[in-house]
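The block underneath contains the structure these notes are about, expressed in structure tokens.
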Amino acid sequence: MKITALAAHTPEAVRAALAARGWEAQPAWFAAVGIQPFVVLIEAISEAEREALVHWGTKSGADVLTGDGWALVAGTASRVAPLARYDRAPAELARLAPALGRVLAARAEPPRSWAIRGGELSLEKPVIMGVVNVTPDSFSDGGRLPSADAAIEHASRLIADGCRLLDVGGESTRPGATPVPADEEIARVVPVISGLVKRGFGAVSVDTRKAAVVDAGAAIVNDVSGLHFDPALAAVVARAEVGLILMHMRGTPDTMDDLAKYAHVAPEVAAELATTADKAERAGIARERIVLDPGFGFAKTAAQNFRLLDELATIVALGYPVAVGLSRKRFLGAATGRPVEERDRATAVACALAAERGARLFRVHDVALTREALALAGATTNPP
Ligand code: PMM
């Protein structure tokens, strides 16, 4: 007899073991996905639902840990899946089916493209967003691009390095940064965006919280306030049919550090992002246009940022494409001891970790290094 423990963090090891024993590709893949570990935290349930879950767990072989009003259900995906079906789940647990069904569907069929103004961006391969900050006081590279021409020149290097999206920002979100009036922000970003669009430099997003800046010509709006800053933004984005990145933060850059209080950061950020996405959809923004971003460094301590990075799959499980902005952030310095200008290697590694956990878009300053890290991370499951 011989026993080998197989890797279970992806379906690959099981798929390969079955393929090596003569299984055809498709059934091997479905079987491998079906026995992936799956854990869901269910909150706000009644005492009757809790009892029914414990009973169902004993019968079906899933693990159920519970407390007052909550349950943690763990098993393989195929063992838990019947709970998402009205015809298979016990009647007392019917209330779970829709939400659980959504989680399972997002896992089985993650979004493959993102609808932006004038087209679609494929997410089959990771998308690198190159940062083009035209702010005099940005957190990591402020003041380096004093003119539109310098910004366009910088963007052309980022494109040559392999980014597919350029994120143009005219307002710093650093704590203590001076607020920029909309007309000043527009004056900063419009010449850069129109220059990039004219040169056909791939898709362009505008990093703004303000409705007045939406018409600056970008195909995507990157709103770090997650629709909390400008009440007019959602309607304008809906009408313009641009793509929208909704980032998580609490408060404003000036108040956010005091709001970094979480009992368990990933599920709380996920719940707040889900509420924001709902608000966007109710305002008429199509689901296919929305990307979520957990907002690394915004209303989070270093320890919370690392936890969130480790548990990024919780955000991915919401079913929207996930973007991450890890570039040069302070928490990377906490782990490496490196100052901001020496954090590009740490950024590239952090992006690879995020990619492994399901992130699809990566907002970075150093495109070349991140591209290499992502190529390597992807090669473990998709060899070149
Ligand atoms: N971080 C910054 C600015 N914009 N946008 C998104 N979507 N996600 C981020 O994490 C993010 C962002 C701050 O970084 P910078 O000052 O270096 O640009």
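The values are calculated or read from the model by the stated rules, or taken from the named source; none is laboratory data. From a predicted model like this one, the values you see are computed outputs, not experimental measurements. Here Cβ is always computed from backbone atoms with ideal geometry, including for glycine, and neighbour counts include all displayed protein chains.
Summary of computed values
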quantity	calculated
Selection within segment 273-293 - in a loop (DSSP other than H, G, I, E, B), more than 12 Å from residue 245 (Cα to Cα) and hydrophobic (A, V, I, L, M, F, W, C)	283, 286
Complete set of residues in segment 174-205 that are within 11 Å of the ligand (Cβ to nearest atom) and at pLDDT 90 or above	205
Residue within segment 9-32 that is touching a residue at least 40 places away in the same chain (Cβ under 8 Å) and in contact with a Ser or Thr (Cβ under 7 Å, 6 or more places away or on another chain) present	yes
Hits in segment 345-381 (condition: of a type outside the set (A, V, I, L, M, F, W, C), touching a Leu at 6+ places or on another chain (Cβ under 7 Å) and within 12 Å of the ligand (Cβ to nearest atom))	347
Residues (among the acidic types (Asp, Glu) and under 16 Å from the mean Cα position of the chain (by Cα)) located in segment 336-360	356
In segment 319-335, residue nearest to the chain's Cα centre (by Cα) [restricted to those that are within 10 Å of the ligand (Cβ to nearest atom) and of a type outside the set (Lys, Arg)]	323
In segment 221-240, the residues that are among the charged types (D, E, K, R) and surrounded by fewer than 15 Cβ atoms within 10 Å (Cβ to Cβ)	239
Candidates 211, 155, 151, 177, filtered to the one that is out of contact with any Ser or Thr (no Cβ under 6 Å at 6 or more places or on another chain), surrounded by fewer than 22 Cβ atoms within 10 Å (Cβ to Cβ) and without any contact (Cβ under 8 Å) to a residue 60 or more places away in the chain	211
Segment 18-55, residues that are among the acidic types (Asp, Glu) and surrounded by 15 or more Cβ atoms within 10 Å (Cβ to Cβ)	49
Meets criteria (surrounded by 14 or more Cβ atoms within 10 Å (Cβ to Cβ) and of a type in the set (S, T, N, Q)) for residue 66	yes
Sole residue being touching a residue at least 24 places away in the same chain (Cβ under 8 Å), of a type in the set (Gly, Ala, Ser) and under 30 Å from residue 9 (Cβ atoms), chosen from 52, 89, 115, 62	89
Filter result for residue 375 (more than 16 Å from residue 247 (Cβ to Cβ), aliphatic (A, V, I, L, M) and either crowded, with 20+ Cβ neighbours inside 10 Å or at pLDDT below 95 (or both))	no
Strands (runs of 3 or more DSSP E) fully within segment 1-88 counting 1 or more residues that are closer than 19 Å to residue 102 by Cα and at pLDDT 95 or above	37-43, 70-76
Segment 215-255, subset assigned to a loop (DSSP other than H, G, I, E, B) and touching a residue at least 60 places away in the same chain (Cβ under 8 Å), residue farthest from the chain's Cα centre (by Cα)	254
